[in-house]
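Note sheet for the following structure.
The values are calculated or read from the model by the stated rules, or taken from the named source; none is laboratory data. All figures in this text were calculated on a predicted structure; none of them were measured in a lab. Note that we place each Cβ from the backbone using ideal geometry, even for glycine, and neighbour counts take in every protein chain shown.
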Amino acid sequence: MALNIAQQFKLAKTIAKTTVQFECDACRHVWWGDKHETMCDQCDHDGTVLDKRDTVGLGWFKCDCNRMFAGYCRGNMSSQCHKCKQDVWPSYVVPDDAFKGPDAGKNNKHQCAACHGRGVCPIVEAAKQARLK
């Protein structure tokens, strides 16, 4: 049975409590993992947990118009609600391959403050590079 949007939003909150994004202190490799797995799988050096504002992945948003949605984001970047066009900040950022968001397969166009829906988005590209290991 597929989860509804509220259930997926709640699941994202649960994932965000235990899964964090790291950046390697030596080679700058970025990856997702359990908050206790600090070793870089590229060079075996320790990584640092990134602040939410620097985390890139699948952002979960709840707009003032009550629409919940998911989309690629960086924690310090807003995305536009497709219902009311308001800029919304992410509540949680999780790995983009943790599960498919509620808008997967729909034709809603990615539109964050970095790209404004025009061309290739650097946030989407960075999120794809930092997949869960």
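Against the test of being among the hydroxyl-bearing types (Ser, Thr, Tyr) and either surrounded by fewer than 18 Cβ atoms within 10 Å (Cβ to Cβ) or free of Cβ contacts under 8 Å to residues at least 60 places away in the same chain (or both), the options Thr55, Thr19 yield a single qualifying residue, Thr55. On the stretch given as the range 58-68, residues that are surrounded by 23 or more Cβ atoms within 10 Å (Cβ to Cβ) and either closer than 18 Å to Gln129 by Cβ or in contact (Cβ under 8 Å) with a residue 60 or more places away in the chain (or both) total 1.
Residues of the range 83-117 being farther than 20 Å from Ile15 by Cα, part of a loop (DSSP other than H, G, I, E, B) and modelled with pLDDT of 90 or more, which ones? Let's see the steps before the verdict.
Going residue by residue through the range 83-117, those that are farther than 20 Å from Ile15 by Cα are 83-88, 105-117.
Checking the rest, the ones that are also part of a loop (DSSP other than H, G, I, E, B) come to 83-86, 105-111, 113-117.
Result: Lys83, Cys84, Lys85, Gln86.
Taking the range 72-96 as the range and being touching a Gly at 6+ places or on another chain (Cβ under 6 Å) and of a type in the set (Gly, Ala, Ser) as the test, only Ser79 passes. Does the range 51-66 include one or more residues that are modelled with pLDDT of 90 or more, over 12 Å from the mean Cα position of the chain (by Cα) and closer than 22 Å to Arg28 by Cβ? Yes, there is a match, as at least one residue in the range 51-66 is modelled with pLDDT of 90 or more, over 12 Å from the mean Cα position of the chain (by Cα) and closer than 22 Å to Arg28 by Cβ.
Considering the range 36-86 alone, what residues qualify as being among the small types (Gly, Ala, Ser) and under 16 Å from Cys121 (Cβ atoms)?
Pass one, the range 36-86, residues among the small types (Gly, Ala, Ser): 47, 57, 59, 70-71, 75, 78-79.
Result: Gly57, Gly59, Ala70, Gly71, Gly75, Ser78, Ser79.
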